[in-house]
1. If I ask for residues that are under 26 Å from B:G140 (Cα atoms), at pLDDT below 85 and either part of a strand (DSSP E or B) or of a type in the set (A, V, I, L, M) (or both), which ones from the stretch B:66-100 would you list?
2. Somewhere in the stretch B:23-32, is a residue modelled with pLDDT of 95 or more, over 30 Å from B:A225 (Cβ atoms) and in a helix (DSSP H, G or I)?
3. Among the residues of the stretch B:135-175, write down those that are hydroxyl-bearing (S, T, Y), within 14 Å of the chain's Cα centre (by Cα) and open to solvent by 10 Å² or more (accessible area, probe 1.4 Å).
4. Do any strands (runs of 3 or more DSSP E) lying entirely in the stretch B:146-242 carry at least 1 residues that are at the interface with another protein chain (Cβ under 9 Å from one of its Cβ atoms) and of a type outside the set (D, E), and which ones are they?
5. Would you call A:W13 more than 14 Å from chain B (Cβ to nearest Cβ), open to solvent by 70 Å² or more (accessible area, probe 1.4 Å) and aromatic (F, W, Y)?
6. If we scan the stretch A:33-45, do we find a residue that is away from chain B (no Cβ under 12 Å) and either touching a Gly at 6+ places or on another chain (Cβ under 8 Å) or acidic (D, E) (or both)?
Amino acid sequence: MIRAFRRLPGPVWLRVVVAALLVAGALALLLAGYEWLGRVFLDDGGMMG
Amino acid sequence: MGIALLSTGVLLGGFVAYQLWVTGLFAQGAQDGLRARLDERISTAAVDLVPFAPDPGLAPFPIALPAGLASPGGADLAAALEAAGLPPATPPAAAWGAVLSAEVPPPAGDALGRIRLPAAGIDWTVVEGVGPAELRRGAGHMPGTALPGQPGNAVISGHRTTYGAPFERLDRATPGDLITVTTTTGTHAYQVVQSLVVAPTEIWVTGQWEGGWLTLTTCHPRLSARQRLVVVARLVGGPNAGLVVGEVS
């Protein structure tokens, strides 16, 4: 993780911003995946049709 | 190899924690706001008293029901509701004549009513709509079906595992159990008459029938969206019960 952070371009403040954006994006993707998996396989709300 | 296994474990653990715990927090937060919103709607919404005429286009209830259920609207209803820890059904707004207490459904996602079924541990605020966004907030009323307490069949769906699992223990409902649904038109009492398991595509259970009915649907079995557990109840008390009692065939 630290190595990946150091590979980011630009000054430290820019790397922090980019890293934060990447983490937020990955988290959003992960939660969207969890949502989809849960809805398809676990519990879609029980509505008919 | 070790890192791959560890990552998989963390992802799976995260999935379980998110589905069973985090989504419940989302639903609980939404319910806190919805309960206040429902109280506000009940205190301000106008109830329409409209002439009642049975709809000749409605079909009779299609399932043969078990015998031995108490008579709808019987004198023992108040005692039965009290014994079940439920609020009393709202008395008829007018003489038990041809006047119906009606309401306009709220917009999607807004609080419609409060459903209580102590036998299954259910006490949730119901929102209008059954889309994913609505069902994340609580149980949802299916648009196009009757509103609770109105003639026809009011269909309410809810999660069984995630988002607070409002209908987690719906399988514990048995014929004779009492349900109340409180809306802006009052408190309507229903009596469970049947439970069944169907495929999600069997939309006949949402059909509109003669009388007043309530159909609750959720996923079945638990932890699977493969089938639906359906509980059907008939209207036995409330402002409209004298007019639109669900007839048992």
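1. Passing the criteria: only B:L100.
2. No; the residues of the stretch B:23-32 include none that is modelled with pLDDT of 95 or more, over 30 Å from B:A225 (Cβ atoms) and in a helix (DSSP H, G or I).
3. Residue satisfying the conditions is B:T145 alone.
4. Hits in the stretch B:146-242: B:152-157, B:186-198, B:212-220, B:227-237.
5. Yes; evaluated as a whole, the condition is true for this residue.
6. no
The values are calculated or read from the model by the stated rules, or taken from the named source; none is laboratory data. Because the structure is a prediction, the values reported are computed rather than measured. In this analysis, Cβ positions are derived from the backbone assuming ideal geometry, glycine residues included, and neighbour counts consider all displayed protein chains. What goes into the accessible areas is simple: the full protein's heavy atoms, side chains included, and nothing from ligands, DNA or RNA. Shrake-Rupley method; radii C 1.70, N 1.55, O 1.52, S 1.80 Å.
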